[in-house]
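See below for the structure under consideration.
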Amino acid sequence: AQERQAPEANIGYDPNAAASAQIMNAVAAAHADGKGVLLDFGANWCTACRALDKAMHTPKVQAVLAQYYHVVQIDLGSADSQHMALADEYAAAGTFGMPMLVVLNPDGTVRANSALTGQPKYEEAALAAWLSQWAPR
């Protein structure tokens, strides 16, 4: 029995999104409410990204995200030059795999980067713990 799930094509990495504007808006919101910003760099065709997306929609993770974060998903699957430039800007020394999670402080500075801290496991408890660990307080 399958649980209700959105079609895989809709996991949220939009190749046509204005990622820079989305990040600016999220940082402005974070500055206002003190939450962090979670940047999720990935691709719809990326198996690990799909596993992460599924974990992000579990109850514990949704609760942590709602309490501590503004989330922006940035598509790297279409190799959009602006999106790739953003990944390079936030990546540790320009090296990253997908998905790459970057936590920003409310002022927009980088707090954590999964390329440096290590990837969380893509299951509910481990992802919720990673997000809680890096949430700005």
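The values are calculated or read from the model by the stated rules, or taken from the named source; none is laboratory data. This one's a predicted model, so the numbers in the text were calculated from it and none came from an experiment. No Cβ is skipped: glycine too gets one built from the backbone with ideal geometry, and neighbour counts run over all protein chains shown. All accessible areas refer to the heavy atoms of the entire protein, side chains included, with ligands and DNA or RNA removed. Shrake-Rupley method; radii C 1.70, N 1.55, O 1.52, S 1.80 Å.
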Correct option for mean projected area of the Cα convex hull in nm² [calculated from the coordinates] among (1) 9.4; (2) 10.0; (3) 7.9: (3)
Listed residues Ala55, Ala43, Ala28, most fluctuating in the chain (Gaussian network, C-alpha, under 10 Å): Ala28
Proximal aspartates and glutamates relative to Lys54, as straight alpha-carbon distance under 15 Å, when same-chain residues fewer than 8 apart are discounted: Glu3, Glu8, Asp40, Glu123, Glu124
Candidate lysines for bridging to Lys35, where Cα separation is under 21 Å - those fewer than 8 sequence places away on the same chain excluded: Lys60
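On average, how much accessible surface per residue is there in the chain, in Å², for a 1.4 Å probe, leaving out ligands, DNA and RNA? All intermediate terms of the calculation are to be shown ahead of the outcome.
Working: 7120 Å² over 137 residues.
With the other protein chains kept in place, the chain gives 52 Å² per residue.
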Amide H contacts of Gly36 (H built 1.01 Å from N, under 5 Å, at least 5 apart or other chain): Tyr69, His70
Among Leu127, Leu76, Leu116, residue whose mean-square fluctuation peaks in a GNM of the chain (springs only between Cα atoms under 10 Å): Leu116
Inter-label distance for Val71 and Ala85, nm, one decimal - labels placed 7 Å from Cα along Cα-to-Cβ: 2.8 nm
Heavy atoms of Asp33 accessible to a 1.4 Å probe, total area in Å² rounded to 10: 80 Å²
